[in-house]
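**Q** Please find one structure pasted underneath; my questions will follow.
The values are calculated or read from the model by the stated rules, or taken from the named source; none is laboratory data. These numbers come from a predicted model, not from an experiment. A quick note on method: Cβ atoms are made from the backbone with ideal geometry, for glycine too, and the neighbour counts reach across all protein chains shown.
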Amino acid sequence: MTNSSSQDETLQIAHVTKRYGSGSTEVTAVHDVSLTVSPGEIILIMGPSGSGKTTLLSMLGALLKPTEGAIQLNGTIISALAENRLPDIRLKQFGFIFQDFNLLSALTALENVAIVSELAGFKSGEARRKAASLLTELGLGERLNFLPEKLSGGEKQRVAIARALINDPALILADEPTANLDSKIGHEIMRLLRRIAKEQGRSVVIVSHDQRIKDIADRVLWLEDGEFKETVTMAIDPVCGMSVEREKAVSAEWEGEIFYFCARGCRDEFLNDPQKFLLTASQESSKKI
Amino acid sequence: MSLARRNLFQDKTRLALSIGGVALAVMLILILKGFLTGMNRQITSYIDNSPGSIILAQEDVVNLLGATSLLPEGIIQKAETIRGVDEAIPILSQFVILDLHEKKQPAYMIGYDPKLGGGPWELISGSEPRSKREIVFDRIFADRHDLKLGDEVEVMGKDFTIVGLSSGTTSWMTSFFFVRKQDAEDLLLAPNATSFLLLTTSDGASLDDILRRLNNISGVNALTKKDMSANDIILFANIFSAPLKLMVGIAFLVGTMIVGLIIYTATVERQREYGVIKAIGAKNRFLYQIVVTQALFASIAGSALGILLANGAAQWIMSARPQFLIVFDPVDSVQALLAGLGMALIASIFPTRVMAGLAPAEVFRK
């Protein structure tokens, strides 16, 4: 990932702290955390249980107010907004994806997505048209009128992704999105999220224990005891397509840009004919969802 | 799409219980109110069906059924001389205890002159008492005691023969029976005594003027039939209305609690889903609408079913126990629907508090 200018920032959190309780029972869940998320960037936050990941994600999504610090979204300091203004921000600026999918069991796939659009003020017919189009794009055209109980885990998560996208949010927040999926489906879902992020310029913040998600992330942040301990910046090997940690990877510079590789073999192959690999990478990224 | 409707119909058993609970409560409310209305109608049945528009009673007596009245001697002639009074029909009445099949049974005796009127207004068999020691019983009362035309019954130690059966002259509390006035005088050992005069008036005469003139007679109290009916209703309403209204209140509370409990459990059960909706960006108002819509649907459907059930139950009760009269006033049905709406709104209070208290951040908790 590249550093972005402040104009490009989707989300910026500065010195955010969240404490629960007071006096002897006070617990600091998140301590002095700062983070900037750029448009189209995918950030993976990992860490042990109880490290403050969920609290941080809740604050990022305007579900919880920080005790200290500020959270700014597209120029608006949302942490300072009155409680009654937050639902609208959540509805239009954020898309939420949950571990348990959290679809409404009484509604069909189409209705689960359309209801969010209706909440944002769209008329029922328009909301349903948008929802149907989005679900069809995500490969669920044949499942529009299915209740969640009739859908597989992967299908449910794709409905959840459609629900998160329907109001065209700037930021998607995903909580353990692969936890209830088998590895193949989990990987598919993550690649889908990556394509959405890159092609539509939406930022994605994922909280997960799943190491395999590192592949799709631009940055991996390690949260422990409420603080970021380590930052790993990820890159894609242009030769084999593997996700590699920049700090540990073999690198090479070509025409002023640094490329990262899983091994020397890939680097050498790249340097023999860089144009060949850059063209392939470009074609890959232009694929539609 | 209506999330409220979908949620409600997803669990059909719960929906049926909810509607059924309200229906039973509304049915109970209507039956009790119908019973009260029927009781009032039974209480005033004699006054409503007797001739005349004014009743002359002893001074200070304002009830037909609730007080003993004895008019001064020569009152008939005096009353008939009052301008505007057409005819004065005397009756001698008294609550008596009948001993039927060794079972004590209170009944209201009307002693009247069959030639003048004041007796049973609907005879379904037999005839009015024309000779000494003849009696007309209410049909339902007679059936309950296995009595028929020609049977002999003892009234205050004297034997009477049943010569007629009347209709509309009983209630679950007591029953009217009719004898000749002379027989009533014999039974009460009060020759020529008169309890009340039923006064008919000339066409066009002002009731107020006639009442004023009648009330100038010493020792009497003249009332319109309407006022005396109202007094009798108030007298009995004081006795029965309070417990019946209490039962109506309890039925309302039970119905409210049933809807409230069912909507509350349905809300708590879906707490996570509602939390998700809230996290996504729904305002509390949207969530309250879901609860209130569900409660309203259950209550309105339950009230409508309750009205139907009440009609069915009333028919069944009146055929099984004819002494009970259950009368449905259209206003009662409207009130039952309003009661259903009231139940819905009250029942929504606790579930909406649950909704209001939902923390959207909880959706990320496992």
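**Q** Looking only at residues that are touching a residue at least 60 places away in the same chain (Cβ under 8 Å) and under 20 Å from B:ALA23 (Cβ atoms) in the range B:312-324, which one is surrounded by the fewest Cβ atoms within 10 Å (Cβ to Cβ)?
**A** B:ILE317
**Q** I would also like to ask the following. When residues of the range A:66-100 are filtered for being at the interface with another protein chain (Cβ under 10 Å from one of its Cβ atoms) and not in a helix (DSSP H, G or I), how many remain?
**A** 6
**Q** What tally of residues in the range A:60-75 results from selecting those that are at pLDDT 90 or above and of a type in the set (S, T, N, Q)?
**A** Total satisfying the criteria: 2.
**Q** For the structure I just gave you, tell me whether B:ALA222 is hydrophobic (A, V, I, L, M, F, W, C), within 30 Å of B:LEU197 (Cβ to Cβ) and not in a helix (DSSP H, G or I).
**A** Considered against the rule, which asks whether it is hydrophobic (A, V, I, L, M, F, W, C), within 30 Å of B:LEU197 (Cβ to Cβ) and not in a helix (DSSP H, G or I), B:ALA222 comes out as yes.
**Q** Could you list all residues from the range A:101-125 that are more than 8 Å from chain B (Cβ to nearest Cβ), within 18 Å of A:LEU147 (Cα to Cα) and surrounded by fewer than 21 Cβ atoms within 10 Å (Cβ to Cβ)?
**A** none
**Q** A follow-up question, please. Has the range A:34-56 got at least one residue that is without any contact (Cβ under 8 Å) to a residue 12 or more places away in the chain and more than 11 Å from chain B (Cβ to nearest Cβ)?
**A** Among the residues of the range A:34-56, at least one is without any contact (Cβ under 8 Å) to a residue 12 or more places away in the chain and more than 11 Å from chain B (Cβ to nearest Cβ), which makes the answer yes.
**Q** Taking the range B:266-276, which residues are in contact (Cβ under 8 Å) with a residue 12 or more places away in the chain and either assigned to a helix (DSSP H, G or I) or not assigned by TED's automatic domain parsing to the domain that holds B:LEU8 (or both)?
**A** Passing the criteria: B:ALA266, B:THR267, B:VAL268, B:GLN271, B:ARG272, B:TYR274, B:GLY275, B:VAL276.
**Q** Assuming B:ALA184 fulfils every condition listed in (1) assigned to a strand (DSSP E or B); (2) more than 22 Å from the chain's Cα centre (by Cα) apart from one, which condition is it?
**A** Unmet condition: (1).
**Q** Where in the range B:73-145 are the strands (runs of 3 or more DSSP E), entirely inside, with at least 1 residues that are surrounded by fewer than 16 Cβ atoms within 10 Å (Cβ to Cβ)?
**A** Result: B:85-100, B:103-112, B:123-126.
**Q** Follow-up. So which of B:VAL292, B:VAL327 ends up being more than 14 Å from every other protein chain (Cβ to nearest Cβ), under 23 Å from B:ALA359 (Cβ atoms) and in contact (Cβ under 8 Å) with a residue 40 or more places away in the chain?
**A** Working: B:VAL327 fails: under 23 Å from B:ALA359 (Cβ atoms).
It is B:VAL292.
**Q** Could you check the range B:330-366 and list, in sequence order, the residues that are within 14 Å of chain A (Cβ to nearest Cβ) and of a type in the set (A, V, I, L, M, F, W, C)?
**A** Selection gives B:MET355, B:ALA356, B:LEU358, B:ALA359, B:ALA361, B:VAL363, B:PHE364.
**Q** For B:LEU165, state whether it is more than 16 Å from B:ALA184 (Cβ to Cβ) and surrounded by 17 or more Cβ atoms within 10 Å (Cβ to Cβ).
**A** Spelling it out, B:LEU165 is indeed more than 16 Å from B:ALA184 (Cβ to Cβ) and surrounded by 17 or more Cβ atoms within 10 Å (Cβ to Cβ).
**Q** Shifting gears a bit: Of the residues in the range A:190-227, how many are part of a strand (DSSP E or B), in contact with a Gly (Cβ under 9 Å, 6 or more places away or on another chain) and of a type in the set (D, E, K, R)?
**A** So the answer is 2.
**Q** When the range A:21-66 is examined, which residues are found to be of a type in the set (Val, Ile, Thr) and surrounded by fewer than 17 Cβ atoms within 10 Å (Cβ to Cβ)?
**A** Of everything in the range A:21-66, those that are of a type in the set (Val, Ile, Thr) and surrounded by fewer than 17 Cβ atoms within 10 Å (Cβ to Cβ) turn out to be A:THR25, A:VAL27.
**Q** Here are some conditions: (1) closer than 16 Å to A:LYS18 by Cβ; (2) within 11 Å of another protein chain (Cβ to nearest Cβ); (3) touching a strand residue (DSSP E or B) at 6+ places or on another chain (Cβ under 8 Å); (4) in a loop (DSSP other than H, G, I, E, B). A:LEU63 meets all but one. Which one does it not meet?
**A** (3)
**Q** Determine whether A:ALA131 is out of contact with any His (no Cβ under 6 Å at 6 or more places or on another chain), among the aliphatic types (A, V, I, L, M) and under 25 Å from B:GLN294 (Cα atoms).
**A** For A:ALA131, the condition - out of contact with any His (no Cβ under 6 Å at 6 or more places or on another chain), among the aliphatic types (A, V, I, L, M) and under 25 Å from B:GLN294 (Cα atoms) - is not met.
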